[in-house]
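Inspection log for the structure reproduced underneath, given as structure tokens.
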Amino acid sequence: MRLIKPDTSIDFVAYAKYALVLSALLIVVSIVSFSMEKLTFGIDFTGGVIVEVGYPEAVELQKVRDALAEGEFPDATVQHFGTSDSVMIRLAPEEGADSSDVSTRVMDALDVEDSAAELRRVEFVGPQVGDELVNKGGLALLYTVIAILIYVIVRFHWKLAAGAVAALVHDITITLGVFSLFHLDFDLTVLAALLAVLGYSLNDTIVVFDRIRENFRRMRKATPMEVVNASVNQTLARTLMTSGTTILTLLALFFLGGEVIHGFATALLIGIVIGTFSSIFVASVLALKLDVTSQDLFPPREEDAEKASRVTR
Amino acid sequence: MNRYPLWKYLLLLAVLAAGVLYALPNVFGQQPAVQVSLESGDAPDAQLAQRVERILDNAGMAPQSVNLEEGRLLALYQGTGTQLKAAGELKRELGDDYVVALNLAPSTPEWLRAIGAEPMALGLDLRGGVHFLMEVDMETVFNNTYDRYARDVPRFLRDESIRYTRASRDGDAVRIEFPSAEAMNEAEDALASQFDVLEFSEAPEAENTLVGTLTETEAQRINDFALEQNLTTLRNRVNELGVAEPIVQRQGESRIVVELPGVQDTAEAKRLLGKTATLEYRLVARGRDAQAAERTGNVPEGTELYHTRDGQPILLQEEVIASGDQLVDASSGIDQQSGSPAVFVTLDGQAASNMFDVTSSHVGDPMAVLFTENKINTRYEDGEEIREREKIEEVISVATINGVFGKRFQTTGLGRNEAHDLALLLRAGALAAPVNIVEERTIGPSLGADNIAQGRNAVIVGFLLVIVFMAVYYRGFGLFANAALIMNLILVVALLSLLQATLTLPGIAGIVLTIGMAVDANVLIFERIREELDGGNTPQSAIKSGYDKAFSSIADANITTLIAAVVLFGFGTGPVKGFAVTLSLGILTSMFTAIVGTRAIANLVYGRKRRLQSLSI
């Protein structure tokens, strides 16, 4: 079975104009959404308290809210978590509540109403821990990008590295944009997913680059544009197949993995779709705009130069 | 021709066999057990094993087996009913020197355990339990230290008859003002030799003034000591909770991770962990009527009114002989002479000389230990931390001074359990630095079970989807890839078990993700083979060049993903680390199975056919 016919020859470089416009649009929307809505950080980053309570049967949120208000938590955010018999209660850290036994007091407040409630999960994160995580998380993203940049410069060329990193920034920005736009919770697992997206998207891009390098060697008379087009076409089947299988497993995770892993699966799903798009349209096209040529990857008089460089270095 | 030498097949089979063996323990599940370990942290011996067996036999609750392992003793049961009763029985019979806890023991067969095969450990999010991140309040530690030097330094100068005009604590420094430059210079030399943990320098902005700060090594030592002390105390307190496999671990400069698997009553756990205590040795005020003082509220000058643990009022002298931070060690044991239980206490130098002075003139007088517990309540207002202290004071021991002593002494006349409790309280009171809980995660047991079930389902369904997809898309070669995928899953599980890595929910997500990505190498190879075939190559040479040409892409692609995984590991905590570990392992094993594994099968199936016309791809 084949999705892509062997002699497929789509002029991706020509389509890239429209693709770049779309990308630019998405990035602008993301940044606007960012600056207006910010990210809905989970308590991993903001600090605060989450209490998840299970009930033997479906429960009305209003009843829970009333019970909490009657206690000492009028500002608690209450929502269903996954199913209607599970409730998640969020408390901001600014609440002025004694943090070290909030969960106990929340349960006390709820027990008044319904003694069948069962404590399923408590998460309390102090604000200082959250601040550290934001810093560390940002640094982790930065370090990953830098490490990858160095690897691609060494293995390929800075023009391709620039294309790859632009694609990565593109993927991360748009994924974050989606999270911001739809007010999805950004917690620690989502950050982990973003890092995995970096790795994945780059994986895709590198495969294309590898083919570009090979084709520059084989298609001596072709223009760089023809080489890039041929390379993207030749790797298209692989790009779509791998994205396909990964998306399949992620769908399994998304639907079956449970609420805790939901954000993680969502981030990866978005990231992989965007990442696949960017490795087809963004990374190599940008390298092309930077005038990547055969000489960049193979210095003139290939063999001699290679030998010479081995001696002199 | 596509042939592999025999040794490559054998290597593959050997790796697969080892993988299966070490992954196998995860299939057997767990069974209820009662765990016995020693409060002191020593490893239990065969004697204890016999004793436990005898106790259980006598009570008619003979366990399936009693195993000694890694500093603990496990009595295995079939059902939770007997397990609970047996734990109660053991707790009663063994007494306080032992920690009896309920646990789940892996029911790995003996022959597997013999080769070191054990199942993966489950993280808190899968088995339920409490995770605390505690921060030692180093500011208080250093405040106390500088306060002490702000007292000690002027005392020393007086003893040495060196004149000074003023001595005080100035933030994180001791500041001493002198009437003249000569006095200052004299003091500087004398201080430098007496207080080698302090660095003295002249204050830049004031004349004839010395500023002393802790040396870097001393500051580090104090920091480490405070943390170690807290670790020890927390371990003791965790033991009080009777948790099966607790983790109490240092994290960084000032933090401690406490994980209590299976603990549900977080209120109780927090109450125990969050309290800080200090103690003071003081003389009991003799000849004063404590009852009357309590009744009338008239407390005689120079004394203070406290209560003993059973509520009796008692009057103590205001003067403190020794305090908790001067206590070096306290342990319970048997007094050599009388053969009765005793608590042995060791004090540091300053307190020892104080104790010597006081006991010299007070033989026959009663001395008391005042225990002060500071519970810290932290709350947040407008993003700022506000801490409130709640103080509980009680006299935990009153004993008569039988002779003159200094550095080491013992308290006798206690019951066995009393001695044990007193030693524990004394050690707890030695805790100089308060701790705060800065992070808490509690997972209920039902949620843990749900997480396991959901994780398992996601892995199975994701796996099946990919397998079907590959088989449909690549037919014969798809089946090769599927065989490699199964082998990959086995190897990842085997490696995780071998490394005794903790499996968490994000870890499972990592496994699911690697399944999706593991086929990537095969997709690269197969697409190459198709291209070669399309280009008019013969099937045999298409296989060969397909594998060869795809290799550089596979290596590059996987190395970059590995870079991301390594950064993730370095930055991540707990669960995220788990994800990074499974992801990296998955990448490494998938390169092996997808390249060597599928090639071996392809060679076996097609390699010998000279006139191969087509491939099932």
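The values are calculated or read from the model by the stated rules, or taken from the named source; none is laboratory data. Here the structure is a predicted model, which means the values were calculated and not measured. Because the Cβ atoms are built from the backbone with ideal geometry, glycine has one as well, and the counts that use them run over all protein chains shown. Quick note on the areas: whole protein, heavy atoms, side chains included, nothing else; ligands and nucleic acids left out. Shrake-Rupley method; radii C 1.70, N 1.55, O 1.52, S 1.80 Å.
Which FRET efficiency value, to the nearest 0.05, do you get for residue B:67 and residue B:180 by plugging their Cβ-Cβ distance into 1/(1 + (r/R0)^6) with R0 = 51 Å? Given R0 = 51 Å and the Cβ-Cβ separation, E is 0.10. Between residue B:475 and residue B:28, the contour length at 0.36 nm per residue exceeds the alpha carbon distance by 157.5 nm. Nearest 10 degrees, 0 to 90: what angle lies between the long axis of helix A:12-37 and the longest principal axis of chain A (Cα atoms)? The answer is roughly 30 degrees. Computed from point charges on the beta carbon alone (+1 for Lys and Arg, -1 for Asp and Glu), the dipole magnitude for the protein assembly as shown about its Cα centre is near 6440 Debye. Axis of helix B:574-591 versus longest Cα principal axis of chain B: the two differ by about 30°, to the nearest ten degrees. Once the C-beta distance of residue A:255 and residue B:251 is scaled by a Förster radius of 45 Å, the resulting FRET efficiency is 0.80 to the nearest 0.05. For the protein assembly as shown, the carbon plus sulfur part of the accessible surface works out to 54%, probe radius 1.4 Å.
Beta-bridge orientation, chain A: approximately 90 percent antiparallel, per DSSP, counting only bridges with both partners inside. Peptide packing: for B:172-181, A:280-289, the average count of neighbouring Cβ atoms within 10 Å per residue gives the ranking A:280-289, B:172-181, highest mean first. Helix content alone sets the calculated 222 nm mean residue ellipticity of chain B: runs of n ≥ 4 DSSP H residues at -39500 (n - 2.57) each, divided across all residues, give -16500 deg cm²/dmol.
Restricting to DSSP loop positions (anything but H, G, I, E, B) with no more than 10 other Cβ atoms inside 10 Å of their own Cβ, which chymotrypsin sites (Phe, Trp or Tyr not before Pro) remain in segment B:103-147? Here no loop site has a sparse enough neighbourhood. In the full protein context, segment B:139-216 carries 56 Å² of accessible surface per residue, based on a 1.4 Å probe and ignoring ligands, DNA and RNA.
Along segment B:142-149 the Karplus relation, 6.51 cos²θ - 1.76 cosθ + 1.60 evaluated at θ = phi - 60°, assigns HN-Hα couplings of 6, 4, 4, 4, 5, 4, 5, 5 Hz to successive residues, with x for each Gly and Pro. Between the residues B:25, B:227, B:464, the greatest Cα displacement towards the positive end of the dipole of chain B, with unit charges on the Cβ of Lys, Arg, Asp and Glu, is found for B:464. Net charge near residue A:263, counting Lys/Arg +1 and Asp/Glu -1 over other residues with Cβ under 12 Å of its Cβ? So the surrounding residues net to -4. Accessible surface buried by the B/A pair amounts to about 6500 Å², both sides summed, 1.4 Å probe. Which residues in segment A:260-278 place their backbone N less than 18 Å from a point set 7 Å from the Cα of residue A:15 along the Cα-to-Cβ direction? Residues passing the 18 Å test: A:273-278. Using a cutoff of 8 angstrom between alpha carbon atoms and counting only pairs six or more residues apart, the relative contact order for chain A works out to 25 percent. In this simple spin-label model, placing a label point 7 Å from the Cα along the Cα-to-Cβ direction at both residue B:216 and residue A:183 gives a separation of 5.1 nm. Angle of helix A:158-181 to the longest C-alpha principal axis of chain A, folded into 0 to 90 degrees and rounded to 10: 20°. When only alpha carbons are used to place a centre, segment B:530-551 and segment B:326-357 end up 81 Å from one another. This model, with +1 at the C-beta of Lys and Arg and -1 at the C-beta of Asp and Glu, gives chain B a dipole about its Cα centre of some 4420 debye.
When the charge dipole of chain A is built from unit charges on Cβ atoms (+1 for Lys and Arg, -1 for Asp and Glu) and taken about the Cα centre, the candidate among A:41, A:26, A:89 whose Cα reaches farthest toward its positive end is A:26. The spacing between segment A:7-85 and segment A:173-235, judged by their C-alpha centroids, is 25 Å. Shape analysis of the protein assembly as shown places it in the prolate category; the axes a ≥ b ≥ c from the Cα gyration tensor give an a/c of at least 1.5, with a/b above b/c.
The calculated FRET efficiency for the pair residue B:456 and residue B:225, based on their C-beta separation and a Förster distance of 45 Å, comes to about 0.50. Taking Lys and Arg as +1 and Asp and Glu as -1, the other residues whose beta-carbon sits under 11 Å from that of residue B:507 total 0. Under 18 Å from a label point set 7 Å out along the Cα-to-Cβ vector of residue B:118, the amide N atoms of segment B:225-263 belong to B:243-249, B:259-262.
Out of B:174, B:400, B:489, whose Cα points farthest toward the positive end of the dipole of chain B (charges: +1 Lys, Arg; -1 Asp, Glu; placed on Cβ)? So the residue furthest toward the plus end is B:489.
With θ taken as phi - 60° and the Karplus curve 6.51 cos²θ - 1.76 cosθ + 1.60 applied, the whole-hertz 3J(HN,Hα) list for segment B:20-37 is 4, 4, 7, 7, 4, x, 5, 7, 7, x, 10, 9, x, 8, 10, 9, 10, 9 Hz, x standing for glycine and proline.
Here segment B:521-615 is treated with +1 on each Lys and Arg Cβ and -1 on each Asp and Glu Cβ, and its dipole about the Cα centre works out to around 460 debye. Each residue, residue B:552 and residue B:295, gets one label point 7 Å from its Cα in the Cβ direction; the gap between the two is 10.0 nm. In this simple spin-label approximation, residue B:152 and residue B:7 carry label points 7 Å from Cα along the Cα→Cβ vector, and these lie 6.6 nm apart.
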